[in-house]
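> Attaching a single structure in structure tokens format; questions to follow.
Please treat every number below as a calculation from the coordinates, not as lab data. Every value quoted in this text rests on a predicted model; they were computed, and no experiment measured them. Virtual Cβ from ideal backbone geometry, glycine too; neighbours counted across all protein chains shown.
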Amino acid sequence: MPEGDTIHTLARYLGAALGGGVVTRVRVRGQVWPDLAGLRIQGVSSKGKHLYLELNNGLCLRSHLGLYGSWHRYRPHEPWQKPERQAVLVLEMEGWAYVCFNAKEVELTRSTGFESRDQRGRLGPDLTQDTPDADLIRRRALAISPPDTPLVDLLLDQRVACGIGNVYKSEVLFLTRRPPVLTVQQLSLQDFVDLYGSAARLLRRNLGGGPRTTRAIPDGRGPLWVYGRAGLPCLVCGTPVRRERLGREPRSTYWCPTCQGPVPAPERAA
Ligand SMILES: [Zn+2]
């Protein structure tokens, strides 16, 4: 298994390999955990950087790979590619040893189901801290928001991802050339990559304080592209900027109907 693989891909891979299998022996940091022998792995899932191996007794082996962790799979007697002392978790089952080297954390925990339900009330990933994981944000959006939720509401929903306020909302939509009337069900993974990647760049650029700037062009035409510029010419194409109160809890949204239009064609829907 390649290092640097995403946890999500890893979870899918391990889910296919381990799902339904019976564990014959589990070792954690060299110690055998006898209570786990004979249990069945019901599923493998990931949340953020955590990987969960769900067992059929309601417990769950959670691991966090940190910077240096990786999973390998070996046949019995096959030499390992890393020293045994670096093996944090070894799962033996059905003629294979699945070895997690250099994990930052491994623990036995409650099933992820408990935490999943709790997830809805929690804040999403902090866009000022992390390089956004668009796939994770998309999964949160689909879990939390009804499919017809307008994009203008989604961007402000701090449970999906944390940090976008009303000014950044309009600026991100303009910079990524997305019309504000899109709904969650019309968004592709690439839309999430573009929207939340742009938001994270703007938020981090502005962490130092001072006037909020999304447009670092010193031509005297202002630090923002569209926000607060209703009726003024778009700084890219000259079309008057529109302003409307959009969303379920209406908030001012500014956009350029030329740069960000037209309304999406059906093929946009992912
Ligand atoms: Zn324009």
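> List pairs: first in region 231-259 and on the phi > 0 side of the Ramachandran plot, second within 14 Å of the ligand (Cβ to nearest atom) and not in a loop (DSSP other than H, G, I, E, B), Cβ under 6 Å, 6+ apart or cross-chain?
Here the result reads Gly231/Pro240, each pair linking region 231-259 to a residue that is within 14 Å of the ligand (Cβ to nearest atom) and not in a loop (DSSP other than H, G, I, E, B).
> Working only within region 217-248, note down all residues that are in a loop (DSSP other than H, G, I, E, B) and within 28 Å of the chain's Cα centre (by Cα). Working first, answer last.
So in region 217-248, the residues in a loop (DSSP other than H, G, I, E, B) come out as 217-232, 234-239, 241, 247-248.
Listed by number, the residues that qualify are Leu224, Trp225, Val226, Tyr227, Gly247, Arg248.
> Please determine, by comparing only the residues of region 198-214 that are in a loop (DSSP other than H, G, I, E, B) and free of Cβ contacts under 8 Å to residues at least 24 places away in the same chain, which one is nearest to the ligand (Cβ to nearest atom).
In the first step, residues of region 198-214 are kept if they are in a loop (DSSP other than H, G, I, E, B); the result is 206-214.
Within this subset, residues satisfying the condition of being free of Cβ contacts under 8 Å to residues at least 24 places away in the same chain are 206, 208-211, 213.
On the way: Asn206: 23, Gly208: 29, Gly209: 30, Gly210: 26, Pro211: 23, Thr213: 19 Å.
So, considering only residues that are in a loop (DSSP other than H, G, I, E, B) and free of Cβ contacts under 8 Å to residues at least 24 places away in the same chain, the one nearest to the ligand (Cβ to nearest atom) is Thr213.
> If you don't mind, another one. For region 69-88, name all the residues that are over 17 Å from Val106 (Cβ atoms) and polar (S, T, N, Q).
Scanning region 69-88 gives a single hit, Gln81.
> Here's a follow-up. Does region 167-192 hold any residues that are surrounded by fewer than 16 Cβ atoms within 10 Å (Cβ to Cβ) and either hydrophobic (A, V, I, L, M, F, W, C) or in contact with a Phe, Trp or Tyr (Cβ under 9 Å, 6 or more places away or on another chain) (or both), and which are they? Break it down into steps so the answer makes sense when it comes.
Taking region 167-192 as the starting set, the residues that turn out to be surrounded by fewer than 16 Cβ atoms within 10 Å (Cβ to Cβ) are 177, 185, 188-190.
Hit for region 167-192 is Leu189, nothing else.
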